[in-house]
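In what follows, a single structure is set out as structure tokens and then discussed.
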Amino acid sequence: MILIKGGTVVDPLKDTVKRLDIVIDGERIKKILPPDKISDTSHFEKVIDATNMIVTPGLVDMHVHLREPGHEYKEDIRSGTLAAVAGGFTDIACMPNTDPVNDSSSVTKFILSRAGEDGFCHVHPIAAISINQEGKRLTEFGDLKRAGAVGVSDDGKSVLNSNLMRRALEYARYHGLTVISHCEDPTLSEGGVMHEGYVSTQIGLPGIPSEAEEIMVARDILLAKLTRCPVHIAHVSTAGSVKLIKMAKEEGIPVTAETAPHYFSLDHTALIEYDTNAKVNPPLRSEKDVEAIKRALRDDIIDVIATDHAPHSPLEKEVEFDKAESGMIGLQTAVPLTLNLVREGFLEITQAIRKLSYGPARILGISEGRIVEGGKANITIIDPNFSYILTEDMIFSKSKNTPFLGKELKGIVRFTIVDGKIRFSSDIKP
């Protein structure tokens, strides 16, 4: 048995913050008690002193690129899930743009098999909407669901055919799959490498207008209205998208949305020195957009914080800016960057943890993101006040492509417990 003693338990469902002790027996939470009720701790295999730390449900990241199969030199399931538990995540959903694409039950089963053999946390595959992500023919949603997929997405590409997207929403609802939409009009973004604004003009790089995202957000909202089928908008980056999602929710259209920590922590000025680690898609936007994203999180217009963890090796990043791949890793920086919003007063701690745990779990339809007696012991313990400089040797991903290298961060994961087992600690490596 494990005893977590003296921690501040954040319950995103009850919206409470209380100092409590937690007893774990096997895979389950046996008891949640007021502090200091247990005087004899000799029969516990492990006692974790969580004084001055926050204890949360295991975090859930619904947008991760694990790169396996096909691009294991960037990341694989072992290294990606190790980075996940180091970042406090007990559950991650992996995107389908692998090689081969996860567009069949055999690839879905392969991912789950590898995660079972070598993974440090739960992995939930997101399968492709269309075969080979070509936007022409739908995949077999029923087969993918039976194989273990929890959602479908052509992430990295938009489904340009509106009728195909309509059918995807309808079939996904029938099969109980979450549709995650990558909103990008490639006819507007083609050739662009950063946000279209004064910085792109200043440094001479071709830009991507906000409308490239917003046009597709509007379309998918309208398709959700037409079909009454839910759609989840991935990596929201613009003030215009926030406005559209807000109007949709006010009208009762079944739309949810996520953003990534880099969209509320950085803006397009991060590219002035041509740092390819800050090149992402959608791109880092203007200061106005960053403020809109923060307010949208505060007002629950954006439901989820997801990392869009996108590992790339130096082969793809240490090149000319226009040739560099888009994406940054994010599993180990999500907690400190999100805690910044709490410190700035944009989010309450319960709200922040909800967006990192129960919120994504609910959208994916998995029973995680809660701390309850009898429930699975998936728990994250965070030291919110620990400050440190992020260095490469602290990163468990194979790839190190993050603009936060060498930056001071505040807040670190001390323990990650998955199904009652300590899979990561700051002093015990898995």
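Read the figures in this text as sums done on the coordinates, not as results from a lab. Computed from a prediction, not measured in an experiment: that's the story for all the values here. Methodologically, a virtual Cβ is constructed for each residue, glycine included, from the backbone with ideal geometry; neighbour enumeration extends over all protein chains shown.
A few notes on this one:
- Sorting Glu75, Glu344 by the number of Cβ atoms found within 10 Å of their own Cβ, with the fewest placed first, yields Glu344, Glu75.
- With contributions of -39500 (n - 2.57) from each DSSP H run of at least four residues, the per-residue ellipticity at 222 nm computed over the chain stands at -8500 deg cm²/dmol.
- Relative contact order computed over the chain (Cα-Cα under 8 Å; 6+ residues apart), in percent: 20 percent
- For the residues Val85, Val123, Val372, a GNM of the chain with alpha-carbon springs under 10 Å puts the largest fluctuation on Val372.
- Taking His124, His175, His43 and counting other C-beta atoms within 10 Å, the order from fewest to most: His43, His175, His124
- A protection proxy built from the mean count of other Cβ atoms within 10 Å ranks the segments 157-166, 303-312, 197-206, 224-233, most packed first, as 303-312, 224-233, 157-166, 197-206.
- Separation of the stretch 182-234 and the stretch 271-339, taken as the distance between their Cα centroids, equals 15 angstrom.
- Shown here for the stretch 152-251: GluC sites (Glu not before Pro) in loop regions (DSSP other than H, G, I, E, B) with at most 16 other Cβ atoms within 10 Å, namely Glu190, Glu251.
- R0 of 56 Å, Cβ-Cβ distance Asn161-Glu373: FRET efficiency to nearest 0.05: 0.70
- Residue order for Phe346, Phe321, Phe89, fewest other beta carbons within 10 angstrom first, comes to Phe321, Phe346, Phe89.
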